[in-house]
Every structure is written in C-alpha cells, then in structure tokens.
Amino acid sequence: MPPELDAIVASLLAKRPQERPDNARALAKQLRAIAIPDEHAWTAERAEAWWREHRPLPERSAPRMPGAESAERVLVPQREAAPTVGSPVAGPDAPTVEQRVR
C-alpha cells in the first residue's frame, strides 16, 4: 500500500475529528493526489477483464446448497398482502378503510 494511502486511512480512523478529512470532497482530493503506477492503474480494459473472470453466475445455473429452499422460507420474511377496501387494517376490531376515510 502506498504510504500516502496508509496516512489517509490513519486519518480516517483518527479519534479527534479535527484530524480527519473535513468532508468527502477533501477525502477525494487526497485520494486523487496519490500517484498510481501504470501497472496498477484501473483502466476500462482491466475492468472488463476482471468482470469476465468474476461475473456472478446466472441464477438458473448457480449451484445451490442442499436445503437452501427450506432456509429461504425460514430466513426471508413473507410480505403480507395489502388490505383491500372494506377489510380491517390491523386486527379484528380495527376500522375498515371506508371508516377511516370518513
């Protein structure tokens, strides 16, 4: 890691606010001032090559872990249907939509 980047990271972790960059623009200016050697420069060609190598698999062909379907049912909360006109909003004694509009 370049020493300039090390110094910036240390300033971001400083306990005293006055030792940190004033705002995101000041941080961006400090980061842009770091010289990046050509062999480490992030070009459009390098980005495309990286994505070709690391692109996630499409959902239909991604390998699934055994039992993933049952885990999804437990971990992903199901969304309740929106109340329809005339139905209680919450609980059996709640006013209907028409009653709340009046």
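Give the residues of region 1-42 that are part of a loop (DSSP other than H, G, I, E, B) and of a type outside the set (A, V, I, L, M, F, W, C), sorted by residue number.
Step one: filter region 1-42 for residues part of a loop (DSSP other than H, G, I, E, B), giving 1-2, 13-16, 20-23, 33-37, 41-42.
Across region 1-42, the qualifying residues are P2, K15, R16, R20, P21, D22, N23, P37.
Can you pull out the residues in region 43-60 that are in a loop (DSSP other than H, G, I, E, B) and either charged (D, E, K, R) or surrounded by 10 or more Cβ atoms within 10 Å (Cβ to Cβ) (or both)?
R55
Just so you know, all these numbers are worked out from the coordinates, no wet-lab data involved. None of these values were measured; they are calculated from a predicted model. Ideal geometry is used to build each Cβ from the backbone, glycine not excepted, and the neighbour counts take in all protein chains shown.
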